[in-house]
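See structure below.
Each value in this text was obtained by applying a stated rule to the coordinates, not by laboratory testing. Treat the numbers as computed from the prediction; the structure is a model and nothing was measured. Here the Cβ is made from the backbone with ideal geometry for all residues, glycine too, and neighbour counts use every protein chain on show.
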Amino acid sequence: MLWAWMARRSDAVDWLVVRRGGPRVRLRLRLPPIGTWLRPHLRLTLGASVPLEGLVALTGGRSEATTAGPPLGLGFASRSERRALPADHRMSSRLPTAPRTPAPLRRATPPCHSAAPLLRAWRIILRMSHAEPFVYCLNTSTIAKQKHTPLERFEIASRAGYSAIEPWVRELDEHVAGGGKLSDLRRAAEGGGLKVAGLIGFFEWAVEDAARRAKGFEEAKRNMAQIAEIGGTQLAAPPWGIHAEGPFELAKVIERYCDLCELGDRMGVTPIVEFWGASRHLSTLAEAAAIVVGCGHPRACLLADVFHLYRGGSSEAGLGKLAGASIGLFHVNDYPASPPRGAINDSDRVWPGLGVAPVAPILKTLHAIGYRGALSVELFNEAYYAMPALDAAKAGLAAIRGCVAQAMASQPPTPAAR
C-alpha cells in the first residue's frame, strides 16, 4: 500500500509518497489557483505501482516527476498517520493564510464560479480508479474531418475518456499558422489528463538520394522539436519516400534508422519505425522488426497497426515473437471481409470488433509479451466523419474497451512490464 501526502507551500505542492518499509519519493507540482482549495493533509490511497501522469492533470498543474498508482480511495490523513512522517515533513492542519495587506490595498478574492476544474479532476479520478491493461489513445485522424480546431480535438479526446492522444504534424502547423502556440496544446493535454503518445509526420529518412534524405532529416528534426514542445517523446517514422519508388537495401535502411535514432537522442525523442501494408518497401512486420533489431539502439522500436498487418500479409502470430519494449505504439482498428486484401484501403477501416480482424487475439498477444503502451484508434472512415466528433471518439473508445475486455477474459496473469 502506498500513501501520498500533500503539503501546501507557496504556489507549489510537495507530494511525499511513502511506501511502508520502502523508500520515500518526493514530487513537486506547480498548481493553478485550485491548489489553494486542497487541505494540506489530503491522503490518496494508492494501489499497484504504475506511472501516474494523470495525477498532475487532476489540478491542471505540471510535474517534474511522477511515481504512484491509480487512486483507489480518497480521504484525510489521521493524526497517527501524520505522526508517522519525519518531523521535517509533518504538516499543520491549518490552511496557509495570505500575508496581511494594508487596508487601502486589500482586495477581496473573487470566488471561483467555474466548476470546470472540479469536473475535470473528478473525471480523471474516475478514469484512474480502475487499472487498465493498456493506455487508450485517440489518433486525431479518426475525427479529422469534423471541422474542429486542434485544441478542440484535444478537448474532445479528454471528454470522451481517453488517456492519450496522437496528433498529426499538419495539425500542429495549422495551430501555429492560426496564431497559436504549441504550448497551448501542451496545456490542453495536461489539463485534460492526456499523455501525448506520439506524433504522425512524413519525412524522407530512408530514401537513397542524399539530398532528399538530408531534407528529410531536417523535417524530422523540426517534427521532433514539435512533439517535445507539446509534451510527447515519440515520432512515427513511416516509409515515406520509399513507399512507391526507389531501391530498398535493408542494410542501408538500418544504418539510416540508426542515424535517425542518434538525432532523436539529441532532441529527446524516439523515432518509431512504421510499416505500411500497401507500401512497395517496408510493408511488413518482419521488415520493421529487422530494422529495429539491426539497429540495436536502446530505444529502437516499431509502430504496428492491425490494418497494415493484414494489408501487407504479415502474420499476427509474429507479434508473439517480439518483446513488449520493442513496440513503441500500436494502432487499433478493424477491416471488413470485402474488398479483398489487395484492394482494401485506409477508408475501409471500421471500429475494432466490427470487422473480421482478430483484434482480441492480437491484444491478448500484446499483453502476453509485456506491452502496456498505448492502443491508438486510427481510422479514416467517411461514415464516421459524418458523426459528431465527440460521439465518434466515444464510439471508438467503447469499441477498444470491448475488444480489450474480450482479450483479457482468458488472459492468465503476467508480470508487470513497460
Practice item. Using amide H atoms built 1.01 Å from N in the peptide plane, name the residues 5+ places from Phe380, or on other chains, whose amide H lies under 5 Å from its own. Key: Arg349
Point to revise | Charged-residue dipole, Cβ positions (Lys, Arg, Asp, Glu), the stretch 339-397 about Cα centre, Debye nearest 20 | key: 300 debye
Study note, to complete from the structure: Arg280 and Leu250 label points (each 7 Å along its Cα→Cβ direction) are spaced in nm at 2.0 nm
Review point. So how strong a dipole does the stretch 132-408 carry about its Cα centre when Lys and Arg Cβ are +1 and Asp and Glu Cβ are -1, to the nearest 20 debye?
Key: 440 debye
Practice item. Return Val196, Val169, Val356 ranked ascending by Cβ neighbour count within 10 Å, so the fewest neighbours appear first. Key: Val356, Val169, Val196
Exercise for review: Translational diffusion coefficient, Stokes-Einstein: compute it for the stretch 132-408 using the Kirkwood radius over C-alpha pairs as Rh, at 20 °C and 1.002 mPa s, and state it as an integer in µm² s⁻¹.
Suggested key: 115 µm²/s
Exercise for review: Take a quick pass over the stretch 132-408 and tell me how many lysine pairs come in under 18 angstrom between Cα atoms, counting only ones 8 or more apart or on separate chains.
Suggested key: 5
Revision key, fill the gap. Calc'd 3J(HN,Hα), the stretch 355-364, phi into Karplus 6.51 cos²θ - 1.76 cosθ + 1.60 (θ = phi - 60°), Hz, glycine/Pro = x, comes to x, 10, 5, x, 5, 4, x, 5, 5, 4
Review point. Using 0.36 nm per residue, how much length does the chain from Ser347 to Ala386 gain when fully extended, once their Cα-Cα distance is taken away?
Key: 12.7 nm
